[in-house]
1. Between region 195-214 and region 339-402, what is the C-alpha centre distance in whole Å?
2. With a/c under 1.5 counting as rounded, go ahead and sort region 332-402 into rounded, prolate or oblate using the C-alpha gyration tensor (a ≥ b ≥ c being the square roots of the eigenvalues; past the cut-off, prolate if a/b is larger than b/c, else oblate).
3. Plugging the Kirkwood radius over Cα pairs into Stokes-Einstein for region 112-232, at a temperature of 4 °C and a viscosity of 1.567 mPa s, what D comes out in µm²/s?
4. Which of 68, 19, 169 ends up with the largest GNM mean-square fluctuation for the chain, with Cα atoms connected below 10 Å?
5. As a footprinting exposure proxy, order 361, 298 by other Cβ within 10 Å, with the fewest listed first.
6. Over region 232-355, what per residue volume does the convex hull of the Cα atoms give, in whole Å³?
7. When the C-alpha atoms of region 66-108 are aligned to their principal axes, what extent does each axis show, in angstrom, from largest down?
8. Rounded, prolate or oblate: pick one for region 211-261, where a ≥ b ≥ c are the square roots of the eigenvalues of its C-alpha gyration tensor, a/c under 1.5 means rounded, and failing that, prolate if a/b is larger than b/c, else oblate.
Ligand code: PMP
Ligand code: GLU
């Protein structure tokens, strides 16, 4: 046997996606016949609405089976611009400023390759979505984690932003509403961050993939609406996965200055070419079609949010704030750390998640994966029955801890 040829050095600092890994583990256990309830993955449990599926069927039958323009068809890019103009009044984008990719994760990956140079610093408030720092590392740049506190609702303060900025700062990645906390920034909070950013020169990348999943009448605003004078430095990342329950279709996009759009299309022309032609037409049906099915899903998430947050808070040793959006509860489990369970001491949130998987057969992602030890992310993209059953199992398992 010859010696193993090593894989690329650049992978040595990169972790695989923890959210994908926990979801995969839950899936495997289920396949083994173990009745695991998965509160792990950030994926709506609803099927894609019927009119969108019809749009895809029509696309196939009408022969939309070939390569498309790299950045997406004009039809889809126009639909994206129109939908954005409705959502972000007063702000308009042209189709040439849109690049459609194979999911918003791919959009962010294109941006990492297209914007960051070796040694650049990219500011990422914690708790952060797992892929942000790893994509930055893959691009050879340095993720700079900006801590937030539970007291501030996990929102980065202007002071913390100011303190993290250096001459090497190339971008800030902001996610509102946030994965994993569900926290969303108000217009005033965004304005205060924009004021700090305005004193410097770096990209503001805003991930608004959960922007249409907000509750209790939260007034969701994009930073570009609040600080339109910074539009030429703002890049919006969005997609159909969450709002339209279309995770498997893999369609996401950026709204960006045209030269950034061109740079990212250059990358995409050498990697995936275009996103799936059929999925693009399904996305057109989603963006142009009736809104009622999405509103029904949003209302279902809102009802589940109350059940999960109240249920988690009712468990001794777990506490949890009320998130403004997305479909995650971010539960503080610090009081469980140090307890004995399953024949060992639970030393970290990773141990707590492991214990709850074994004992309660409930899969959740440990906060450590999001740069926030001591917490668990509980996705409530699950039926009310499953949430109630999960809460009762978690409650019983926690009560057994000594
Ligand atoms: N951003 C955030 C914050 C997410 O939670 C996700 C979910 N995977 C994505 C981007 C990417 O979504 P997708 O690739 O499915 O469009
Ligand atoms: N964004 C979702 C999550 O955080 C899907 C998995 C992933 O792409 O990371 O669970």
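Laboratory data are not the source of any read-out in this text; all were calculated from the coordinates shown. None of these values were measured; they are calculated from a predicted model. Cβ atoms come from the backbone with ideal geometry, glycine included; neighbour counts cover every protein chain shown.
1. First find each Cα centre; the distance between them is then 32 Å.
2. Details: a/c = 2.22, a/b = 1.22, b/c = 1.81.
The shape class here is oblate.
3. Diffusion coefficient, whole number: 89 µm²/s.
4. Highest fluctuation among the options: 68.
5. On the way: 361 20, 298 17.
With the fewest neighbours first, 361, 298 line up as 298, 361.
6. Values: hull volume 23.5 nm³, N = 124.
Taking only Cα atoms, region 232-355 has a hull volume of 189 Å³ per residue.
7. 34, 21, 13
8. It is oblate, given that a/c is not under 1.5 and a/b is not larger than b/c.
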